[in-house]
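Engineer: Sharing a structure with you now.
The values are calculated or read from the model by the stated rules, or taken from the named source; none is laboratory data. The structure presented is a predicted model; accordingly, all values stated were derived computationally and were not measured. FYI the Cβ positions are ideal-geometry reconstructions off the backbone, even for glycines, and counts take in every protein chain you see. These accessible areas exclude ligands, DNA and RNA; they are computed on the full protein's heavy atoms, side chains included. Shrake-Rupley method; radii C 1.70, N 1.55, O 1.52, S 1.80 Å.
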Amino acid sequence: MTPSSESEVPTGIGFTITCHVEGGGQPHKVTLTTPDSTVLTWLGDSSSGGTLTCIGTFELTCKHTISSPTYTDEGDYRCDGYNKLPGQITDETKSATVSLVPVKNVDVTLTKSTTEVAFGASFLITCVADGGRIPFYLKLDLRRPDSSAVKDIVLYNKSSQSPASVTVSEELNTLTYIHSVTSSSYDHDGTYKCLSKNRAASNNEQNDEKSENIIVVKDVTSSISDLGIVNKGSQLQITCFAEGNRRPHEVALKKSNLSVITWASPASDCTVLPKSYYEFKCVYNVGSIDYSDGGIYMCVGKNKALGNKEVSSNASATAKISQSVLTVLNPNSETELSWGSAPLTITCNIEGGLQPHKATLEIPGGTTITWTRDSSSSTNKFDCNGDHEVTCVHEITSDSFDNTGKYNCTGFNMLPESSAVKETKESVEVIVVKDVEATLTSSSTSDEVDFGSELSLTCKVEGGRTPYYLLVEFVNGSKVVHQIIEYNDTDQSDTDQSNTVTRKKNSLEYFHTIDKVVYENNGSYKCTGKNKALNNEEKTNKSIKNAVVVKDVEIAQMNDFDTDFGSSFTFDFTLNGGRPPHLVSLKKEKSTDCDSALIPLL
């Protein structure tokens with residue numbers, strides 16, 4: 001027979017088996033039995049049961065052609081020849097056998113039930129390996145898009161005949177594995193590869209592989225880190241997450257005072273890092289936060305979902321800025337307000353988060369003026385405006401010493417994490433400054449004072465800062481006749497040097513009383529005061545009051561006397577009066593029989 005031994009036949013290519021039969025008597029019958037027990041017969045000039053044709057007489061050549069060998073044609077082919085030798089009654093039979101092996105390089109087919117599968121849905125992957133000699137090896141693995149690692153799903157090796165999930169078809173020379181996923185997740189997303197091996201022509205090892213992609217599609221979901229309460233001046237870190245597959249192609253962080261920051265074109269201050277292939281986080285750092293950084297932040301993620309349709313998702317979080325109330329007063333140190341100058345504005349700046357809700361200003365005299373956020377208007381000229389930074393103003397006029405003193409501003413707020421009210425206070429001293437002014441007054445409505453009457457003198461020195469010096473003197477021209485009192489308290493202590501000096505706010509007063517005015521009290525009285533005025537410069541002021549003691553003129557009684565006729569005589573008499581007499585006359589009265597005469601003396 002030809003071929004004479006086991007023969008490898010490529011599948012799908014025509015092949016002929018030749019049977020040579022020779023005998024002394026002509027062979028009259030030839031049969032060819034195929035692997036499936038089909039018998040092809042040639043009888044003399046005719047044939048039956050197949051495509052066996054024979055040519056010749058004593059030497060026959062019989063041929064059977066397989067037009068397209070398949071795996072069913074594999075096996076032993078036996079040729080039997082029959083003839084009768086001369087003198088024999090029965091046939092003599094001879095046989096020959098040859099094995100036919102259809103060979104083919106292994107061919108892998110990988111099919112899938114879908115390319116896109118919704119997250120949580122099911123799908124199938126079918127791997128079929130076909131070969132001329134049945135494949136002895138099959139492997140299905142998965143390469144995830146987020147990793148170079150390979151995950152083996154099934155591994156079949158003929159030597160171990162496992163696993164049982166791989167179906168072996170000896171008849172079809174195939175290995176088949178069906179991979180079924182009932183609830184898909186990211187773990188099932190990626191490239192599936194099926195690899196198989198067999199021995200083909202010349203028993204050489206051959207292999208083939210096929211790959212298919214499966215996309216487990218999930219709509220994007222977004223989340224954002226809890227922002228909570230952040231102290232003013234510290235750093236605020238916002239982390240924005242986006243998850244989905246197809247993988248998110250844009251992650252954006254939005255706020256009214258921020259530009260949109262995206263993964264597609266990240267800003268320098270936003271770092272977007274893959275948490276995994278399917279998850280991204282955008283980290284945005286706000287350094288030294290201010291009140292404007294508080295509020296609602298929104299994270300927006302986008303991806304292409306089933307049908308390549310764009311899907312977006314957002315999540316938001318609120319950042320609260322915490323800051324204990326801070327009160328700053330302007331001016332912030334002792335301030336001089338010059339008398340008669342423009343008004344002084346006290347500004348009280350109150351800052352805090354949550355927003356300050358109350359402010360008070362204590363003014364000299366014990367009065368407190370108040371502003372509250374829920375009030376429709378301010379009171380007593382305490383005007384406040386603002387949110388986290390509130391500015392309150394109060395105007396002080398320069399025409400009243402009542403405005404001298406300490407001003408205390410207090411701000412109130414509550415922190416986001418506490419129900420307790422916080423407060424801070426700032427103070428400033430304001431001094432209404434005026435040059436010292438001395439005033440000397442008396443109980444007399446004029447300079448004239450009746451002899452023997454009571455005379456009251458009041459020396460008042462007034463100014464801002466409060467005068468520290470008071471002097472009252474009795475003078476005659478430029479000469480000091482008598483110093484009545486001198487008061488000097490440069491330390492402005494509360495202890496008076498004289499219990500007759502009354503110290504009041506911004507003034508000193510001294511009261512001096514003369515119970516009965518006499519001629520010695522006639523003259524000028526001077527009141528002098530000193531203080532430290534603008535820029536602490538010493539100022540002095542004086543006031544003078546004249547006192548003219550007046551009294552009706554008086555002539556003392558003259559006594560009678562005798563004198564010699566023809567001699568001279570002298571009249572002695574005294575005149576008293578507050579002012580010197582401007583006329584003195586002597587009147588002579590004669591005896592009853594003489595007329596009187598007036599003798600002028602001056």
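Engineer: Out of 517, 461, report the one residue that is open to solvent by less than 60 Å² (accessible area, probe 1.4 Å), in a strand (DSSP E or B), in contact with a Ser or Thr (Cβ under 7 Å, 6 or more places away or on another chain) and of a type outside the set (Lys, Arg). So that I can check it myself, show each step before the final result.
Structural biologist: Values: 517 fails: in a strand (DSSP E or B).
After applying the criteria, what remains is 461.
Engineer: What number of residues within the range 120-164 are in a loop (DSSP other than H, G, I, E, B), touching a residue at least 12 places away in the same chain (Cβ under 8 Å) and either aliphatic (A, V, I, L, M) or over 23 Å from residue 71 (Cα atoms) (or both)? Before you say what the answer is, go through the steps one by one.
Structural biologist: Quick first cut of the range 120-164, residues in a loop (DSSP other than H, G, I, E, B) only: 120-122, 131-136, 144-149, 158-161, 163-164.
Adding the requirement that they be touching a residue at least 12 places away in the same chain (Cβ under 8 Å) leaves 120-122, 131-136, 144-147, 158-159.
Cutting the leftovers down to either aliphatic (A, V, I, L, M) or over 23 Å from residue 71 (Cα atoms) (or both) gives us 120-122, 134, 144-147.
Residues meeting the conditions: 8.
Engineer: Can you name the condition, by its number, that residue 326 falls short on among (1) open to solvent by 60 Å² or more (accessible area, probe 1.4 Å); (2) within 28 Å of residue 225 (Cα to Cα); (3) in contact with a Gly (Cβ under 7 Å, 6 or more places away or on another chain)?
Structural biologist: The number of the failed condition is (2).
Engineer: In the range 302-329, how many are assigned to a strand (DSSP E or B) and either among the hydrophobic types (A, V, I, L, M, F, W, C) or closer than 17 Å to residue 222 by Cβ (or both)? It would help to see each step written out before you state the result.
Structural biologist: Our first condition is that a residue be assigned to a strand (DSSP E or B); within the range 302-329, this holds for 302-304, 310-329.
Next, only the ones that are either among the hydrophobic types (A, V, I, L, M, F, W, C) or closer than 17 Å to residue 222 by Cβ (or both) stay: 302-304, 310-319, 321, 325-326, 328-329.
Qualifying residue count, the range 302-329: 18.
Engineer: Consider the range 421-445. How many of its residues are part of a loop (DSSP other than H, G, I, E, B) and either of a type in the set (Lys, Arg) or open to solvent by 50 Å² or more (accessible area, probe 1.4 Å) (or both)?
Structural biologist: Total meeting the criteria: 2.
Engineer: Could you tell me how many of the residues in the range 289-323 are open to solvent by 60 Å² or more (accessible area, probe 1.4 Å) and within 26 Å of residue 388 (Cα to Cα)?
Structural biologist: Residues meeting the conditions: 7.
Engineer: Can you list residue pairs whose Cβ atoms sit under 7 Å apart, with the first residue in the range 101-117 being closer than 15 Å to residue 179 by Cβ and at pLDDT 90 or above and the second being part of a strand (DSSP E or B) and of a type in the set (Asp, Glu)? Count only pairs 6 or more apart in sequence or on different chains.
Structural biologist: Qualifying pairs under 7 Å: 108/208; 108/209; 110/212; 112/212.
Engineer: Are there any pairs with C-beta distances below 6 angstrom linking a residue in the range 214-237 that is closer than 30 Å to residue 117 by Cα and open to solvent by 60 Å² or more (accessible area, probe 1.4 Å) to a residue that is at pLDDT 90 or above and hydrophobic (A, V, I, L, M, F, W, C), with the two at least 6 apart or on different chains, and if so which?
Structural biologist: 219/311
Engineer: For the range 121-137, which residues satisfy the criterion of being at pLDDT below 95 and either under 54 Å from the mean Cα position of the chain (by Cα) or open to solvent by less than 50 Å² (accessible area, probe 1.4 Å) (or both)? Write out each step before concluding.
Structural biologist: Our first condition is that a residue be at pLDDT below 95; within the range 121-137, this holds for 130-137.
Of everything in the range 121-137, those that are at pLDDT below 95 and either under 54 Å from the mean Cα position of the chain (by Cα) or open to solvent by less than 50 Å² (accessible area, probe 1.4 Å) (or both) turn out to be 130, 131, 132, 134, 135, 136, 137.
Engineer: Here are 14, 23: which of them is modelled with pLDDT under 80 and among the small types (Gly, Ala, Ser)?
Structural biologist: On the way: 14 fails: modelled with pLDDT under 80.
From the options 14, 23, the qualifying one is 23.
Engineer: Please verify whether the range 218-228 includes one or more residues that are closer than 19 Å to residue 121 by Cβ, assigned to a strand (DSSP E or B) and of a type in the set (Ser, Thr, Tyr).
Structural biologist: Taking the range 218-228 as the starting set, the residues that turn out to be closer than 19 Å to residue 121 by Cβ are 218-221.
This time we only want the ones that are assigned to a strand (DSSP E or B), so: 218-221.
Filter once more, keeping what is of a type in the set (Ser, Thr, Tyr): 221.
Yes, the range 218-228 has at least one match.
Engineer: Scan 409, 392 and give me the residue that is modelled with pLDDT of 95 or more, under 32 Å from the mean Cα position of the chain (by Cα) and surrounded by 12 or more Cβ atoms within 10 Å (Cβ to Cβ).
Structural biologist: Unique residue meeting the criteria: 409.
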